[in-house]
Amino acid sequence: MDTHADGEVIRRIAGGDRAAMMTLYQRHHLRVFRFLVRMVRNEATAEELVSDVFLDVWRQAGAFEGRSSATTWLLGVARFKALSQLRRRTTAPLDDGFAETLEDDADDPEVAAQKTDKAAIMRACLGRLSPEHREVIDLVYYHEQGVDEVALILGIPANTVKTRLFHARKRLAGLLAEAGVDRGWP
Amino acid sequence: MTSAPAAAQSPDDDLELLLPFYAAGKLSSGQTRQVEARLAHDAEFRRRLDLVEEERSQTVLLNDGIAAPSPAARERLFAMIDAETAARPASRVTSESRAAPASRAAPVRSGPGAWLAGLVEAFTPRAMGYAVAGLAALAVVQAGLLAHLASGSRQQPGGYVTASAPAQESGVHALARFAPGVTMADAGVWLQDNGMRIVDGPKPGGLWRLRIASDAAGKDAAMRKLQGSPELFATVLPE
């Protein structure tokens, strides 16, 4: 994404430009939605939250200083919203359709191993990671955030970002090994 | 298995820790050179990069498998924004004043508009969501008021004023049909921001007559703006 272009769009939003808001939404809503779905594991909840995230942007665009990219800012807001929602939620059920795409505690590595596709096993194991490990993996591999950007989003030191990702990858390797996929690492 | 020094088994090896960021293209040029120098002579390090790439590609597939949110998310957002916009000053920011610092304080107003503004501002974001259904009904009322406006009255509903309101209907006009789902609030704000307004309608076929420019010199630019906003206008015809 063109960081400079996003900065200009956010500046216009700060001035109350509704069309600019639409532009920012079109550029980023899918990324933000997917991040939220992976965090809250419920598409309906993620849809509500994506509206809340962009409403915050509309209200607080003037506070955006451009020190980070718009993507980093949006993901940080989204994470805050998701965590607030998760703290409120106690027994909200998973969205049935989405739950089918998720690996959960009942889908142990042996079940996953029955799948013939190694890539599918990998995706199942990615779904079994803890929320902390899952989010750092997603932020780096999917959202292409750098060390400092992830540190900003998660509110942790840069070195912790690197070691957390390392441990997430080790845990993934462990789950793969349990599923019969030995990658020779770590 | 390998001919080069084993890469890290623990997070002590900083280059090992940087491999995922290298794969994502997020390292500085200096760090990239360091990683590539090691990749050039360390076969095990190259193999580990392959593992990282494998993880990355599956993570991308996993995320890409999540469908886009329904249009309801967008509609909910912009309904809330419209509600807040309705509570803002009538002389809300226009294209000429967008560089001004953000200030969304509600204006001091009186009458029903002030009551609505106060009510809207009293909502929390969550509560605002529940108010959206009510605002949809308000949009219908606005449509009626706009039709009334188009019939000749210069009174503005809900505290809105047009960017300019000349006494006569001279100028350049066009016919437009709004895209499905677009509220009068959507259209009204956009038209106001672009110096346009509704002067008549609805006509057969759901067309509205818009005053788009004060003279012929502004016609082409105005038509381009209208035609460049298909999310608001399904059809735009020169008059």
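Scanning the range A:165-186 for residues that are more than 7 Å from chain B (Cβ to nearest Cβ) and surrounded by fewer than 20 Cβ atoms within 10 Å (Cβ to Cβ) yields a total of 11.
So, A:Val37, is that one at the interface with another protein chain (Cβ under 7 Å from one of its Cβ atoms), assigned to a helix (DSSP H, G or I), within 24 Å of B:Glu75 (Cβ to Cβ) and touching a residue at least 60 places away in the same chain (Cβ under 8 Å) or not?
So A:Val37 fits the description; yes.
Selection within the range B:61-86: residues that are part of a helix (DSSP H, G or I) and closer than 30 Å to A:Ile121 by Cα. The member of this set that is farthest from the other protein chains (Cβ to nearest Cβ) is B:Asp64. Taking residues in the range A:161-186 that are in contact (Cβ under 8 Å) with a residue 40 or more places away in the chain, and partners anywhere that are among the polar types (S, T, N, Q), the pairs with Cβ atoms closer than 9 Å and at least 6 places apart or on different chains are A:Arg171/A:Ser130. Filtered by the rule that a residue be assigned to a helix (DSSP H, G or I) and acidic (Asp, Glu), the range A:40-67 gives A:Glu43, A:Glu47, A:Glu48, A:Asp52, A:Asp56.
Of the residues making up the range A:148-164, those that are more than 10 Å from chain B (Cβ to nearest Cβ) and of a type in the set (A, V, I, L, M) are A:Ala151, A:Leu152, A:Ile153, A:Leu154, A:Ile156, A:Ala158.
Of note, A:Gln145 does not satisfy the criterion of being farther than 29 Å from A:Trp185 by Cα, within 12 Å of chain B (Cβ to nearest Cβ) and either part of a loop (DSSP other than H, G, I, E, B) or at pLDDT below 95 (or both). In the condition set (1) farther than 23 Å from A:Ala177 by Cα; (2) more than 9 Å from chain A (Cβ to nearest Cβ); (3) not polar (S, T, N, Q), B:Ala43 is compliant with all but (1). Residues in the range B:217-234 that are part of a strand (DSSP E or B) and either within 12 Å of chain A (Cβ to nearest Cβ) or polar (S, T, N, Q) (or both): 0 in all. Within the range B:46-60, restricting attention to residues that are among the acidic types (Asp, Glu) and touching a residue at least 24 places away in the same chain (Cβ under 8 Å), the residue that is nearest to the other protein chains (Cβ to nearest Cβ) is B:Glu55. Of the numbered criteria (1) on the phi > 0 side of the Ramachandran plot; (2) at pLDDT 90 or above, the one A:Glu43 fails is (1).
The values are calculated or read from the model by the stated rules, or taken from the named source; none is laboratory data. Everything numeric here is computed off the predicted structure, so don't read it as measured data. As a convention, Cβ positions derive from the backbone with ideal geometry for all residues, glycine included, and neighbour counts pool all protein chains shown.
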